[in-house]
1. What's the angle, to the nearest 10 degrees (0 to 90), between helix 220-234's Cα axis and the longest principal axis of the chain?
2. What order do 116, 8 take when sorted by accessible area (1.4 Å probe), most exposed first?
3. Highest mean first, how do 247-256, 271-280 rank when packing is the count of other Cβ atoms within 10 Å averaged over residues?
4. Averaging sequence separations of C-alpha pairs under 8 Å and six or more residues apart, then dividing by the length of the range 2-173, give the relative contact order as a whole percent.
5. Which of the trypsin sites (Lys or Arg not before Pro) across the range 62-148 are loop residues per DSSP, with 14 or fewer other Cβ within 10 Å?
6. Would you calculate, for the chain, the mean residue ellipticity at 222 nm contributed by helices, counting each DSSP H stretch of 4 or more residues as -39,500 (n - 2.57) and dividing by all residues, to the nearest 500?
7. Compute the length gained on full extension between residue 226 and residue 70: take 0.36 nm times their separation in residues and subtract their Cα-Cα distance, giving the result in nm to one decimal.
8. Roll a 1.4 angstrom probe over the protein heavy atoms and tell me the percent of accessible area of the range 186-281 that is carbon or sulfur.
Amino acid sequence: MQQISSNLKMQDSARESRRRGQSIALVPTMGFLHEGHLELMRKAREKADLVVVSIFVNPIQFGPNEDLDRYPRDLEGDLAKCRSVGVDIVFTPTPEEVYPEGFQTVVTVTEITKFLCGASRPNHFQGVTTVVSKLFNLTLPDYALFGEKDFQQLAVIRRMVADLHFPIEIIGVPIVRETDGLAMSSRNAYLPPKERAEAPEIYKALKNAGTLFRKGLDDATELCRTVSEQINNSIESDCEIEYIEIHDTNNLTQIKNKISTPATILIAVHLGKTRLIDNLQL
Ligand code: AMP
């Protein structure tokens, strides 16, 4: 396994692999890797000859009062995990490499970034689409893999790839969970023991919504109200629900009344100081 930190070396290496006829799969991450990330890498390994994992905590996708400075990092541990699943190249550029002096070009998906996470994090998705475009140009992948945990992000990336004609197949990977149901996330490391013990209630409430839906409760507002009540009743710690909404799984439009198309329930919760997101296809 190779570690590359320079843009030029990364691009040269990708070009050379393509010249040799190898296919390339990219897994973009911000590091502090867990089983969710590793699952993306395993899927990438099945798909392509060369697996590239990027580890870059992207400053422009964090808001001014967010956790950029305290975002967890463990490069040595991450490299060992990448090696264990057969990654070929770990790309670890510095912020200066990605955003050199004079940088002033961004990529914006205009509509589906306005609601859900985009409502409270106004520049977040622009930061994501900008850095992912750069990573695409630096690693020249045939495939790029993203987790369904960040369901809106996956939809935004798909939109961008279609709109800008990137010749890349986007592969979504189902959410990997802890044994108690909590969706794996680098940010789970922030949770103190009591909040960590209560966090699985979020997924339990989503699963309950799924059960109610299958039993015939098909009013979106009513289902969301049930989830909200269940979470507020089962979590004692400071817990604020940022949103619970149901959206069309394919085009991400919000459903407020009767659910008649494939739908996904999405949630963001502030548990203590930690912002957690999760979702479930109904
Ligand atoms: P991050 O390092 O948080 O930016 O995540 C990098 C990639 O891993 C994104 O495509 C995420 O959606 C994906 N990912 C993070 N957590 C999970 C999980 N629990 N299950 C599946 N994919 C995940």
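1. 90 degrees
2. Largest accessible area first, the residues go 8, 116.
3. Result, highest mean Cβ count within 10 Å first: 271-280, 247-256.
4. RCO, the range 2-173: 30 percent.
5. Counting only loop positions with at most 14 other Cβ atoms within 10 Å, the trypsin sites (Lys or Arg not before Pro) in the range 62-148 are 70, 73, 114.
6. Mean residue ellipticity at 222 nm (helix-derived): -11500 deg cm²/dmol.
7. In short, 52.8 nm is gained.
8. Solvent-exposed carbon and sulfur of the range 186-281 make up 48 percent of the total.
The values are calculated or read from the model by the stated rules, or taken from the named source; none is laboratory data. Not measured: the values here are computed from a predicted model. Counting neighbours? That spans all protein chains shown, and the Cβs are built from the backbone with ideal geometry, glycine included. For the accessible areas, the whole protein counts, side chains as well, though only heavy atoms, and no ligand, DNA or RNA atoms are used. Shrake-Rupley method; radii C 1.70, N 1.55, O 1.52, S 1.80 Å.
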